[in-house]
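Read the structure below first, then the notes.
The values are calculated or read from the model by the stated rules, or taken from the named source; none is laboratory data. These numbers come from a predicted model, not from an experiment. Note: ideal-geometry Cβ built from the backbone for every residue, glycine included; neighbour counts use all protein chains shown. Quick note on the areas: whole protein, heavy atoms, side chains included, nothing else; ligands and nucleic acids left out. Shrake-Rupley method; radii C 1.70, N 1.55, O 1.52, S 1.80 Å.
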Amino acid sequence: MQALIDFLSQHPAVALAVVFAAAALESVAVIGTVIPGSSVVFAAGILIGLQVLDPWWVAAVAVIGATLGDGFSYWLGHHYHDRLRAWWPLSAHPELFARGQAYFAKNGGKSVFLGRFLGPVRAIVPVVAGMSDMPALRFTVVNVLSAIAWSAAHLLPGALFGASLQLAGAVSSRLVILLAGVVAVVWLGTVLLRFTQRTAWRLVSRQRDRIVAWAHARTDLPSRVILSLLDPMRPESLGLLIGALLLLGGAWLFLGILEDVVSNDPLVQFDHVVFSALQNLRTVWADKAMIVATELGSAMVAIPVIAALSVVLAWRRCWRTLAYWLTAVGFAQALVWILKMTLERARPIAMYDGADQFSFPSGHAASSIVLYGFLAFLLAHGQRPRLKWALTLLAALLVGLIAFSRLYLGAHWLSDVLASLSLGTAWVALLSIAYLQHVRTERLPARALSFTALGTLILAGTVVVATQHGADAARYAPLQPASELMSDWLVDGWQRLSVRRTEVDGDHEEPLAVQWVGTEDQIAQVLTAAGWHRPPAWTLRTTLVWLLPSATVGQLPVLAKFHQGESPAMIFERELDPSHRLVIRLWPTSRQVGTANDPPVALWIGMVTSERLEHPAGMATLVMTDQDFSMPTAQLAQALQTQGLHLTFKRRDTTAVLLVH
């Protein structure tokens, strides 16, 4: 292992090729039994911990190699079947086939996932899966998931081991204890969950039988409702029960969100946090993908899908289903329009005219969940459980992608999207309950509806993307914040800035007691000259240092603190002693300070905190933030006095604000 590590550390490109080959060959029939793929991938993890190899490249080649290796073995079994038994070297090891077939017969599709971790059957299970004609799509999904899990199971321990080598073994014993504790907690939680599930199901079943027996002895309306929802002898009872729960849950959630929006509760503050966080994460390639997703949820795609499916239902004379279908989409759009015009809530970014300029609720999210959610219900009605789950998952993925695209592109607030999803869920659930109760005789053309919906979605989506993508790219372009010039900053303009840091959940935390005028380079030079320095970056090694009870503040990175969803653009620290430090975090604002004679300069806002180390039980290191925030600010001012800056203290409520310029 040491010789392998030494060689690969000197040839990173060769190391990636070796990892790919080892991961692929370990899964090839019979050959994989003698290929030390796991050892090679573990060695690559050690090199990650030693900061020799890039973790993302190593993980990518390991997953791809493992996926292709199993895929090749599956293809061999699927294409040649029993003829493989006569091939060398397979003919020389008939016991491997017997063992692999027994394992596959016992575990079914799970054996593809689990077999990758078991040496005796690892290289033969994919072949047996192919010979058994396991569906290719199902095998591919399990194959990819198992490749990801297998790579992580070997790379992560190797990376931790490699990083612990750099810490001279000080962390390794505590890491073992920590990992053992995690494994014990997970095992105990699994056991308790299974026990609770079995016990709870018995209790629920017993209580359900009592309620059903009581309802059978009566003939009133509540008894009939109970029997329709809980009687296990009625095949539609489970669907009705799920629909009733979704109806109640969706309606309750929508009304709660509506109340928060009307009363301007903390959820509205959280809307701004999510909006700011997502806008800061935007990239060019993600913008293109999200614009395509949001175009799939537009009316120009939804209307052709609705019309095409209506034609199919009318052609097959499914008149009652057609009525439900048109009612579902028509009423949802009418309700969205009424709510928009009633509440008149402004969007995060102005990008539409007319009724579309209003934000609550999201029309894209509401129409997509009603359209594709109710369609999934119609297609899944009367089908096998696996097909029902597949259709539900497919619809949920499409709806979720469209809904997230509205948040990512800044077209809606989080509460808009959540309200639409909850309202749409309740409406689809209500329609599903009514459909199960009143439409029993119509035989739906499920295959025709599926192909029509998919074909129309692809065709209409392609046309919309081809014709509208340029205009939509301009519409949804990232908003460049306008810079406000503050000439009255020193007088009273400073009071217009945030007084406290806003956490991701909307809570107000530490006071933002520092306002600093200057460029990033100027501020960094001043702090460096005053004895401050940047803290260590977050790496695997510095993360493991937290497990050392002897760690000092100079070895530890600074914990993240967010303001309105944004991380600090500048962080500096000043060590007071090995277990005590001051930390300043600064965020840029959209304001600039200037006068008629001086050019405008950026204005920053931030806070200074005092942090001390604690070592609970001598096992690790924790950082605690002192609640006295005025003293760290005063210490910062004292350190800056010798740097030729103008320092001014202002008081806002109970907080002293330091103005630096």
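Observations
- Under 5 Å between amide hydrogens, built in the peptide plane, is the criterion, and for residue 572 it picks out 584 among residues at least 5 positions away or on other chains.
- ³J(HN,Hα) computed for each position of segment 469-476 - Karplus, 6.51 cos²θ - 1.76 cosθ + 1.60, integer Hz, glycine/proline x: 4, x, 5, 5, 4, 6, 5, 9
- Near residue 652, once Lys and Arg are set to +1 and Asp and Glu to -1 for all other residues with Cβ below 15 Å from its Cβ, the sum equals +2.
- For segment 331-432, the relative contact order is 36 percent, taking Cα pairs closer than 8 Å that sit 6 or more residues apart in sequence and dividing their mean separation by the residue count.
- Peptide ranges 518-528, 631-641 listed from the most packed, as the mean C-beta count within 10 angstrom indicates: 631-641, 518-528
- Taking a Cβ cut-off of under 15 Å around residue 345, the surrounding Lys, Arg, Asp and Glu residues balance to a net charge of -4, with basic ones at +1 and acidic ones at -1.
- Taking label positions 7 Å along the Cα-Cβ direction at both residue 193 and residue 552, the computed distance is 4.4 nm, reported to one decimal.
- Residues of segment 364-379 with amide N under 18 Å of a point placed 7 Å along Cα→Cβ from residue 447: 379
- Residue 525-residue 390 pseudo-label distance in nm [points 7 Å out on the Cα-to-Cβ vector]: 6.6 nm
- For the pair residue 651 and residue 132, the difference between a 0.36 nm per residue extended length and the Cα-Cα distance amounts to 179.2 nm.
- Compared with the alpha-carbon gap, the fully stretched path from residue 579 to residue 3 is longer by 203.3 nm at 0.36 nm per residue.
- Ranked by how many other beta carbons lie within 10 Å on average, peptides 269-277, 572-580 from highest: 269-277, 572-580
- Prolate/oblate/rounded call for segment 272-325, Cα gyration tensor, a/c under 1.5 rounded: prolate
- Sequence-distant residues sharing a close amide H with residue 497 (under 5 Å, placed H): none
- Computed from phi, the 3J(HN,Hα) profile of segment 410-422 under the Karplus parametrisation 6.51, -1.76, 1.60 (θ = phi - 60°) reads x, 7, 8, 7, 4, 5, 4, 5, 4, 5, 5, 5, 5 Hz, with x in place of Gly and Pro.
- Between the amide H of residue 484 and those of 591, 592, distances stay under 5 Å, these residues lying 5 or more places away or on another chain, with hydrogens modeled in the peptide plane.
- Protection proxy ranking of 184-196, 456-468, 136-148 - average other beta-carbon atoms within 10 Å, highest first: 136-148, 456-468, 184-196
- Across segment 277-363, C-alpha contacts under 8 Å between residues 6 or more apart give a mean separation that, scaled by the residue count, equals a relative contact order of 18 percent.
- Rounded percent of accessible protein surface that carbon and sulfur make up, segment 266-375, 1.4 Å probe: 69 percent
- J(HN,Hα) series, segment 295-300, from Karplus relation 6.51 cos²θ - 1.76 cosθ + 1.60, nearest Hz, glycine and proline x: 5, 5, x, 7, 5, 5
- Fully extended contour minus Cα-Cα distance, from residue 462 to residue 533, at 0.36 nm per residue: 20.3 nm
- The residue 310 and residue 184 beta-carbon pair, evaluated with R₀ = 60 Å, returns a calculated FRET efficiency of approximately 0.55.
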